[in-house]
Amino acid sequence: MTLNPVLSRRAFAFSALTSASIIMNSPITAAGKRKILVHGHRGARARRPENTLPAFQYALAQGVDVLELDVAVTKDGIAVISHDPLINATICSGPNLGVAIHSLTFAELQKYDCGAKKNPNFPDQVPVPGTRIPTLDDVFALGQGNKVQFNVETKIFADKPELTPDPEVFTKLVLDHIRKHKLDDRVILQSFDPRTLRVMKRLAPGIRRAALFEKQQDWMAVAKEFDATLFSPEHRLVTPELVAQAHKAGFGVVPWTADKASDWQLMVDAGVDAIITDDPAALIAWLKSKGLR
């Protein structure tokens, strides 16, 4: 796969205004290298129940740079943190597993415990019984008194409109919370669905926007489709050549979700700006061992 080397003036303009300064002003390590930011995927789901306050608090305690999280919306319009649009029976227990979050009020959602079950895919995960699905307000409040950033994914599906509000309402809801907590310069909005990113560009063009994708395709076409300022590819799509071309065009590169040292090394060698991982503590320790933090 190769990138189209020719950017339209429009594509370059919207990328350069936002992303280039982020890339060039990244923190520098003691070794003189640009710091690779660590995004705690769903908080730190390798160690604590995903997308819960214990996971986010654990990640903060380990020194994570960015909390990565997923947003769904309840029937009564409350933004809550869940990767799945349905109550996931693998990680939650409660009265009606598999029901759509958007069909429940927030009060009804609080009847589910999403911390007591250990995710079988993560042997080091520590359950926290009695843990409820938090609100976006709850998570943004964790940014008080520190500089942590937030990478917020809108879980919205063009083929299943019944599971979410429409893109305009969804994006406005997230933006209201960003503004409430004064986090405009500390939030990335990401999605596999370009619609919320397009709305955010119109409503608040200064907020960074990351295009999530998992298939080989022309990255510049992705940027145009999503009105993105950052690329967030599945980590196996990343090559040094693609990262270099993205940087030259003014885009940051934030791959997901790399959990092994061998993959972290490939990302470092490729020159990425950040790594999304399920185990931020392990990645931070590994980066320190390499003199990269």
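Laboratory data are not the source of any read-out in this text; all were calculated from the coordinates shown. Being a predicted model, the structure only gives us computed values, none of them experimental. So basically every Cβ, Gly included, is an ideal-geometry build from the backbone, and we count neighbours across all protein chains shown.
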Report summary line: Protection proxy (average C-beta count within 10 Å per residue), highest first, orders 159-167, 129-137, 60-68 as 60-68, 129-137, 159-167
Query raised in the report: Which far-off residues, 5 or more places away or on another chain, put their amide H under 5 Å from the one on Asn151, with H placed in the peptide plane?
Result: Leu67, Glu68, Leu69, Ile188
Query raised in the report: Leaving out same-chain residues fewer than 8 places away, which lysines sit with a Cα under 29 Å from that of Lys147?
Result: Lys33, Lys35, Lys155, Lys172, Lys180, Lys182, Lys201, Lys248, Lys260, Lys288, Lys290
Report summary line: Quick note, the stretch 146-226: a/c under 1.5 would make it rounded; otherwise a/b > b/c is prolate and the rest oblate (a ≥ b ≥ c, C-alpha gyration tensor); here it is oblate
Requested in this report: Report the residue, chosen from Ala228, Ala107, Ala44, that carries the largest GNM mean-square fluctuation when the chain is represented by alpha-carbon nodes joined by springs under 10 Å.
Outcome: Ala107
Report summary line: The distance between the Cα centres of the stretch 237-253 and the stretch 154-231, in whole Å, is 20 Å
Query - Contact order relative to length of the stretch 220-272, as percent, for alpha carbon pairs under 8 angstrom and 6 or more apart - result: 39 percent
Query raised in the report: What is the set of long-range amide H partners of Val80 at a cut-off below 5 Å, with H atoms built 1.01 Å from backbone N?
Result: Ala72, Val73, Thr74, Leu136
Query raised in the report: What is the magnitude of the charge dipole of the stretch 157-293 about its Cα centre, with +1 placed on the Cβ of each Lys and Arg, -1 on the Cβ of each Asp and Glu, and no other charges, expressed in debye to the nearest 20?
Result: 560 debye
Report summary line: Taking Cα atoms only, helix 194-203 is inclined relative to the longest principal axis of the chain by an angle, in degrees rounded to 10, of 80 degrees
Report summary line: Rounded to one decimal in nm, the spacing of the 7 Å Cα→Cβ label points at Asp184 and Lys260 is 4.4 nm
Query raised in the report: Which of Ser232, Ser103, Ser191 moves the most in a Gaussian network model of the chain with Cα springs under 10 Å?
Result: Ser103
Report summary line: For the chain, percent of DSSP beta bridges that are antiparallel (nearest 5) comes out at 20 percent
**Report entry** Tensor-based shape of the stretch 62-207 (alpha-carbon gyration tensor, a/c under 1.5 rounded, otherwise prolate or oblate)
**Finding:** oblate
Query raised in the report: R0 = 30 Å: FRET efficiency of Ala244 with Lys111, Cβ-based, nearest 0.05?
Result: 0.05
**Report entry** Cut-off 11 Å, label 7 Å out along Cα→Cβ of Gln57, residues of the stretch 171-210 by amide N
**Finding:** none
**Report entry** Cβ-Cβ FRET estimate between Val268 and Ala158, R0 fixed at 35 Å, reported to 0.05
**Finding:** 0.50
Query raised in the report: Hey, of (1) -0.88, -1.05, -1.63; (2) -0.88, -1.02, -1.48; (3) -0.97, -1.10, -1.39, which did the structure itself give for log10 I(q)/I(0) by the Debye sum over Cα atoms at q = 0.13, 0.14, 0.17 Å⁻¹ when calculated?
Result: (2)
**Report entry** Shape of the stretch 145-186, Cα gyration tensor, a/c cut at 1.5
**Finding:** prolate
Query raised in the report: Which of Asn151, Asn119, Asn51 moves the most in a Gaussian network model of the chain with Cα springs under 10 Å?
Result: Asn119
Query raised in the report: Given charges of +1 on the Cβ of Lys and Arg and -1 on the Cβ of Asp and Glu, with all other atoms neutral, how large is the dipole of the chain about its Cα centre, in debye to the nearest 20?
Result: 760 debye
Query raised in the report: In deg cm²/dmol, rounded to 500, what helix-only [θ] at 222 nm does the chain give when every DSSP H run of at least 4 residues adds -39500 (n - 2.57) and the total is split over its residues?
Result: -8500 deg cm²/dmol
Requested in this report: Taking the chain as the reference, fit the longest principal axis to its C-alpha atoms, fit the long axis of helix 167-180 to the helix C-alpha atoms, and give the angle between the two in degrees, 0 to 90, nearest 10.
Outcome: 90 degrees
